[in-house]
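Please treat every number below as a calculation from the coordinates, not as lab data. All of these numbers come straight from a predicted model, not from anything done at the bench. Counting neighbours? That spans all protein chains shown, and the Cβs are built from the backbone with ideal geometry, glycine included.
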Amino acid sequence: MFADRRAVLVKRAEALKAEALEILLPYVQNPSETTCLIFSSSKIDQRKKFFLELKKQGALVEYKKLYENKLGDFIQGESLAQGKQIESAAAGLLSALIGNNLQELSSQIEKLIVFTGSKTRITVDDVKAISSSSKAFTAFELGKYVGLKDLSNALKSLDGLFRDGEQAPMIIGALARHFKQLWRVRELLDRKAPQNEISKEAGINPFFLQDMIQQAKNFKTSDLFNILQELHACDIASKSGGHSYTLLHSLIMNICG
């Protein structure tokens, strides 16, 4: 209000029809100086003349999700920007819990800054303290317990997630990510790769490497392939009317057994 320029946001620009893009093209070539027109889209066809013109004007910006091996640097950079260092292992744990949702990561870093008070360094214990009651932490623990074939604690973690209202797709997704990583570690172990190479290739913080190696040794690569197939089947069944808790309970018992 009362600003020199007006911002206009057009969401889901990928849904604009060819005729609409044709009408808008002259505007992109000669935009109003008093308007900031923003087209937002999850995916576009950059071969189309309209988007080519945006690119030509230097107005096309792509925001890619960070690869998981870059999340540690992002977390450390955000922490430093707010005046605190974060241990490499603490950054690794936070990225394992949250994934590449940068908005959620930033939110968690803000919580850590407040939680740690006058401390100048954020530790693994700090991350555990603020995350211990979260669904993400419980899902992280579920993957660990299943990988260790610790049936009792795995089922406790599963019960905790369902009690907190977590949906089956999120739980299955977390387990799938965990076992894909274990598969990669198992392959590297079979190749007799040194630990520093395993850490780099599998994108695992050295702080968690021994734990992941211990879990990977519980399975053959064929076992891990079968587990991922079972997770896929469980996902389909849960979306087709199957009872999610019963399906996951049975799956975890099979893996741990």
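List of remarks:
- Under the Debye formula (equal points on every Cα, no solvent term), log10 I(q)/I(0) of segment 6-56 at q = 0.25 Å⁻¹: -1.10
- Computed from Cα positions, the angle between helix 206-216 and the longest principal axis of the chain comes to roughly 60 degrees.
- Label-point separation, Ala233 to Asp164 (7 Å along Cα→Cβ), nm: 3.0 nm
- Answer label, with mean projected area of the Cα convex hull in nm² calculated from the coordinates and candidates (i) 15.6; (ii) 19.4; (iii) 12.6: (ii)
- Under-5 Å amide H pairs with Ile86, H placed in peptide plane, nonlocal only: Ile122
- For the listed peptides 158-166, 56-64, 143-151, a ranking on the average number of other beta carbons within 10 Å per residue, highest first, reads 143-151, 158-166, 56-64.
- Counting charges near Ser222 (Lys, Arg +1; Asp, Glu -1) among other residues having Cβ under 14 Å from its Cβ returns a value of -2.
- Cα gyration tensor category, rounded, prolate or oblate, for segment 53-152 with a/c compared to 1.5: oblate
- Footprinting exposure proxy for Met1, Met170 (fewest neighbouring C-beta atoms within 10 Å first): Met1, Met170
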